[in-house]
1. Cα extents of the range 168-327 along the three principal axes, largest first, in whole Å?
2. Compute the angle between helix 167-179 and the longest alpha-carbon principal axis of the chain, please, reported from 0 to 90 degrees and rounded to the nearest 10.
3. Only four residue types carry charge here, +1 at the Cβ of Lys and Arg and -1 at the Cβ of Asp and Glu. Report the dipole size of the chain about the Cα centre in Debye, rounded to the nearest 20.
4. Please express the Cα-Cα pair-distance distribution P(r) of the range 636-766 as a list of whole percents, one per 5 Å bin, running from 0 to the bin with the greatest distance.
5. Could you give the nm distance between label points at Thr375 and Leu116, where each point is 7 Å from its Cα heading toward the beta carbon?
6. Lys/Arg Cβ at +1, Asp/Glu Cβ at -1, dipole of the range 40-142 taken about the Cα centre: which of Ala85, Ile73, Ile133 is farthest positive-ward?
7. Please report how far the C-alpha centroid of the range 244-266 lies from that of the range 329-384, rounded to the nearest whole angstrom.
8. So for the range 327-452, considering every pair of alpha-carbon atoms, how many percent are separated by more than 23 Å?
Amino acid sequence: MFARCHQIALAIACCLIAQGVRGDDKKPYSGTACTAPVDDFFKDEVWAKLGVQKCLTCHKEGADAEDSKFLLIDPRKKAGSEQDAAMRQNREAFARMARLKEKDESRILLKVVGKLDHGGKDVLPIDSAGYRILQAFVRRLNTPVPVSVAIDPKAPPFFQGVTMMDGRRLLRRATLSLAGRLPSFEELAAVSKDGLKAMPAILDGVMKEEAFYDRLREGFNDIFLTIGFDGNPEQSVLSYNYFPQRLWYQSYDFSQIKDEGERRRAGYKLSGQYREAIRGESMKLIEHIVRNDRPFTEIVTADYMMVTPYSAKGYGVFDIVKDKFKDANDPFEYVPVQLKALVGRNKTKQESATGFYPHAGMLSLFQYLRRYPTTETNRNRLRSRMYYQHFLGIDVLELAARVSDAAAAQAKYEVPTMQAAECVVCHRTLDPVAGLFQDYWDFEGTYGLRKGGWFKDMFVAGFEGEDLPPSERWRALQWLGQRTAKDPRFAVAMVEHVYYILTGRKVLLPPKDIEDPLYNAKLRAYQEQRKQIEAIAMRFSRTGFNLRSVFKDWVVSEFYRADGVATSIADARRRAELDDAGLVHLLAPEQLDRKVRAIFGERWAGMNEQTELLYGGIDSRAVTERATDPSGAMGAIQRILANDVACKNVGRDFGKPPSERKLFPHIEPSVVPGGSAEGDAALRKAIVYLHERILGRLDSPDSAEVTRTLNVLTGIVADAHKIEGLNKLDNYTCRQGSPQPPADPHYTIRAWRGVVTYLLRRHEFLYE
């Protein structure tokens, strides 16, 4: 247990190094460092490659080297002028240590190779790139060279040579992604007239559609995974000790239904809707905040939760809130409510100075606590780890922990997590937050105090060096939520979450291997993306944390609009810089399903829960990461989908009047390839229309792409006419359900079906 605990704890230090540490109670340095310039060499070489990755772990406030004279500050926890002051202080700290000498050699060079009683031992081999960077820094102190070697001063602007989407294609991408529909004529006209300037107003409208809120819940569940907790919700979320009425549906009166089988089915339906309502409460909280333009900080500060008429009965508050519902019989109408302080079956009462349950947004939701349970040995550390990941953007499992001998530390110290320096540096941050969850000691996430009180061999409850005041003990999670909302990392984390929802990719992490010949290129890519993230986070804060602003900022950003490079890039460094620019990711099964429905007017019947999992989807429980690269099974599903959707829709579309057709409003089955010049022109026009509707392409009638598709059509028709006794009717399977199945004497309907199948298997349809 200790080894695992040790690994998690050490990992969080590395993560905190990359994201920022507490230090807001320290005054900005005002000595010589505040006037010394921070040259690019220090910022891009010394600090980015050594300071953050090697030194800050121990040489910061609260770490095992906090008493040394070499004390650093992470600028990411600062903002504006304080951030600049922190960087200047860090440079001065490095310079001061570099100027000190021992036997005519810089102390900093001796320290990093493990000499002069360095607690960190040999952190840099003498033959490493890091050591050479530090040597160069020492030389520059005596002979300043104001040139940065990290970022080539002759490097082109970051997005130079990258093709950006035009307004029309960007609009299609945004409406499909956020609302699962194609853009309207009015939206296309606005973009054609005003370009990107029209996008914010259009997106304001898109983000008020019901489909957007569905997408919002889906996207944030990919992050929080709260619908994936184990067990039946009414039993695993609602504790019988506090909610004895949780099984109210079992005594529901179905006497008006005479048939026994019908009564049984009605009972199954009622219980299923009740359970679905409970599972949906956490994501409905996010929807409520965004729908009502409330500050998104309420995901950690909201003094309410969301309930439906059904779940309200389970919580025992239906009679109190029933007048809030538009339809008290709608199992999926959610309204906010405050629970009273919990009272157990033995009449024990939850401590509360207000008489209400201390709601703290997601932090105090029973679903969130149930999804991330604790154990006697884990001691809420999982919840602490997930808190840092979800709300401060720190994923401790993505970062490497410093290697150490855990067994030796366990043998040497009675409580290694509080005594061993290499453990303390991390547990001092991790364990206090774990202590803030101590009132939810019930492993299933419901309220319950640990018998015997909280652990004494852990650092006391608190957050980032601030202890929880005894007077705030009853509302510990509210106290945590308030501090989280004020932490600069919160805004950054939410911006990163929206980036993931829009692109299906996580943001870049700083490169670690400074020996990598492409390190500087990867560092530049990270820095450019980080600038964009921080700029959006700053505007997010200034808007009062309105999450819609983050979606709008990302959509019009160059990172979202990037659509490939204009020409091939020979320079490996430039390719590495642009490797993650633009989208180009496989659509998730839900997105693919919505795209089919938007284009053809109905969803593909073959997309169900099992198909979604095979196509790289998640169940939020056992499968929590979406597949980003297609497998053999996914390729088979793509072929089945293309065949089936084309089969069901092409003949049906031709069976409608031209004005009602979605696919072929400008062509008839009687037009045969090669029949006449006018006919071939009409065929090309029909293909241009299909390319735009299905692929989002704007091809000219005489383009190579249109010719390629026309050749598919022509080839199928030609091959069919080589068969004697050609069937004059459309395929029986495909014409089922068509109101007036048309005859197909020229084999053109079946050929168009082949064309649609071909287009549905194209990269432009399957990827974004």
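None of the figures in this text is laboratory data; all of them are computed from the coordinates on show. All figures in this text were calculated on a predicted structure; none of them were measured in a lab. Cβ atoms come from the backbone with ideal geometry, glycine included; neighbour counts cover every protein chain shown.
1. 62, 42, 32
2. With rounding to tens, the tilt is 80 degrees.
3. Details: 111 positive and 102 negative charges, 116 e Å.
Once rounded to the nearest 20, the dipole reads 560 debye.
4. 2, 11, 21, 25, 22, 14, 5, 1
5. Here the answer is 4.5 nm between the modelled labels.
6. Positive-most Cα among the choices belongs to Ile133.
7. Going from one Cα centre to the other spans 29 Å.
8. 48
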